[in-house]
Structures are given as structure tokens and as C-alpha cells.
Amino acid sequence: MAGGSRKPAARKRTASGIASARSAEEERRLHRARARDLADALVGLLDEDVHLTITDNTSTMVSFRRDRGLLRLRAHRIFLEAPREVVQALARYVRGNKEAGRTLDAYVRAHADQIRRIRAERHAAGLEPRGLFFDLQLIFDELNREFFGSRIEARIGWGRSGPRRRTRSIRMGVYLHDSRVIRVHPALDRPDVPLFFVRYVVFHEMLHQAFPPREVDGKTIVHTPEFRAAERAYPDYERAIAWERANIHRLLRRPTGWTFDLDDPLA
């Protein structure tokens, strides 16, 4: 009887998955159609060939360059639903009209909530807490209970690897305030990195939510005095800092070339 009760649920999940896939495909088709319409409108307004790329870049809304007679224009996806007057302003902006730039700025400000949602989706995309040697979700949950009374609400995962290149510095972790996402450098997911150090890195990033940045005299203070005091009170603080100083050269040698492909200025 118990087994019979599980079968309908399995069928339901499958049907839901198919519906979700169809919905995603329909959204992609609509996205492509709107991109074609926008490109066609710009070609008509500018009277030149346009190669349009739609992005989710939340730090640069519009950029362009001309390459051998072709205008290469990159625009955030909020412009797919832009009204005619904004599309016209986009064309004038490409031609160097400063007043058009102010029109685009106003349109971007009006869609700030949508941009934040897109940024949160981007930051959480592909978030995987389980690595080869450490499970970040387990570490997060243990620290949350032990030091924060389970009040920290964030998602956590390993960072994405990028092109391999030499680097002189390494950011162990990052906390993304808008999306409440913690990412940890994948160079730490290795057997010769001690658990106490990974725990300290996660603890540090969790502190960013417990003690958010403050504006003081026009400057953003990310690590406030309260933040630093709580960090120094962490039981393994001294040991973690000492291990980092003694082993940073080994972490830098690892040819991951990994960088945070994110745009939160407070990260």
C-alpha cells in the first residue's frame, strides 16, 4: 500500500517536469522573438547593420562598439520589453546623444527590482554546496546553529572555475547581499586544506549578513567594528589566520584561475 502511494507522486513529478520544460522552451522562444524585434527596430532607426546580444549583466546595462561596419550592441534583457520611446533613446545613445543616456538611466531605475531579481537568479545559478572533500551546507548549518541561533538565511555553494591563469591573490569567499548567496573558492575543496579553515571562511561570510555594511561619512564600511569583534571572537580565528599565512602560496599555485564572476560591490 505504501509503495502504491508513491507511484502517483512519481507520475506527478514527471508531468510537472515536462510542463516546466515546455514553459522554459516557450520562454526561450519568446525571448528570441523579442530580441529579433528589438534588433530589427534598431536597424531601422540607425540604418546600419546591428549584432544584438542580450545579457544578464547587472553592472553594465548597455555597451557597444563598431567592428568593420557592424554595430555590436550588448543590452540587458530589460530592454526586450522597452517601449518605443526607450528603443528610440537607445538608438540615439549609440549615436552619442547624452540626453538619450538620461532616458535610459531613468528606464533602468524604474526596473531596479527586476534587475535585482535577475541578479539573484544569476548568483544562485548552479549553486552546489557538496564538493569532493567538504559539504558546505553541512558546515553552514552547524555554524548557524552554534554561533547565530539559526538566524542566518543564505544559500551556499562552491564558486565556479574560470580560465586557468596565474594570480597573485585569492578571495576565499564572498557574500552577495542582494541575493543572500555565499560562494566559497573551489581551491579550498582539497584534502590538504583543514576543515577548521573552511569553517572559518564560511563563518566570515555569514558575518556579513549578521553585521551588514554601514555608510560613514559617505564611505561604505563593509567590515564594521562589530563585524571585526565577532570575527576575532571565533574560537579558531587565530589558528585559521595563521594557517592562511603559512599556506597561501600553495593555494595560489593551484592553476584554477578561478574568479568571482559577480557584480556585487560589497562582495
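Quick note: the coordinates plus some simple rules give every number you see, no bench work behind them. Remember, it's a predicted structure, so these values are computed and weren't measured experimentally. Heads up, the Cβs are rebuilt from the backbone with ideal geometry, glycines too, and the neighbour counts pull from every protein chain shown.
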Q. For the residues SER63, SER150, what sequence is obtained by ranking on other C-beta atoms within 10 Å, fewest first?
A. SER150, SER63
Q) What percent does the relative contact order of the stretch 123-253 come to when contacts are Cα pairs within less than 8 Å and at least six residues apart? A) 23 percent
Q | Highest to lowest packing among 226-237, 76-87, scored as the average C-beta count within 10 Å | A | 76-87, 226-237
Q: Provide LEU30, LEU252 in ascending order of the number of other Cβ atoms located within 10 Å of each residue's Cβ, fewest first.
A: LEU30, LEU252
Q) Between ARG190 and GLU146, what FRET efficiency follows from the Cβ-Cβ distance if R0 is 25 Å, with the result rounded to 0.05? A) 0.50
Q: With both partners inside the stretch 21-110, how many of the DSSP beta bridges are antiparallel, as a percent to the nearest 5?
A: 50 percent
Q.
For the stretch 123-253, place one equal point scatterer on every Cα, skip the solvent, and apply the Debye formula. What is log10 of I(q)/I(0) at q = 0.18, 0.21 Å⁻¹?
A. -1.07, -1.41
Q: Starting from the Cα of GLN137, step 7 Å along the direction of its Cβ; do the same at ARG84; then give the gap between the two resulting points in nm.
A: 5.1 nm
(Q) How would TRP243, TRP158 line up from fewest to most surrounding beta-carbon atoms within 10 angstrom? (A) TRP243, TRP158
